[in-house]
Amino acid sequence: MAKLGEIMTGEVLTASSDAPVAEVAKSMVKRRVGSALVMQSSLLVGIFTERDVLRAAASGKDLNAARVSEWMTKDPETVDPDVEADAAAELMLSRSFRHLPVLEGNDVVGIVSLRDVLSTRVRRK
């Protein structure tokens, strides 16, 4: 079974909590990713996902003025790189999210998506 350290994406899109929603959404589109990790210095404080962009857009607020901190998930679940892909999939499915930050101690080392995890499972068969 694959460990997250083997399948995670190491180049993570990050944003500050005071960044405008529109700016972070543009970066997500440009990088073709579904989430951004929200950092305060080197500390992970939240995660901002496609779902958050949709909720912000549906609110009718000006996305150039709205800040990521208003829409992000604070203190997201995290895992370490030694967690097995199946355990990560179970966690994401049971908690209804699709992006999971990977940390070694307090340091962000990557992110894994439900798609990453399921791709390893399909390749195995």
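None of the figures in this text is laboratory data; all of them are computed from the coordinates on show. Note that this is a predicted model, so its numbers are computed, not measured. Cβ coordinates were reconstructed from backbone atoms using ideal geometry, including for glycine residues, and neighbour counts include every protein chain displayed.
Remark: spin-label model distance K61-D75 equals 2.1 nm, labels positioned 7 Å along the Cα→Cβ axis. Close lysine pairs were tallied over the chain: pairs 8 or more places apart or on different chains with Cα atoms under 22 Å apart number 4.
Between S96 and K26, the modelled labels are 3.3 nm apart [label points 7 Å from Cα along Cα→Cβ]. Semi-axes of the equivalent ellipsoid of segment 43-118 are 26, 15, 8 Å, computed as sqrt(5λ) over the eigenvalues of the C-alpha gyration tensor in descending order.
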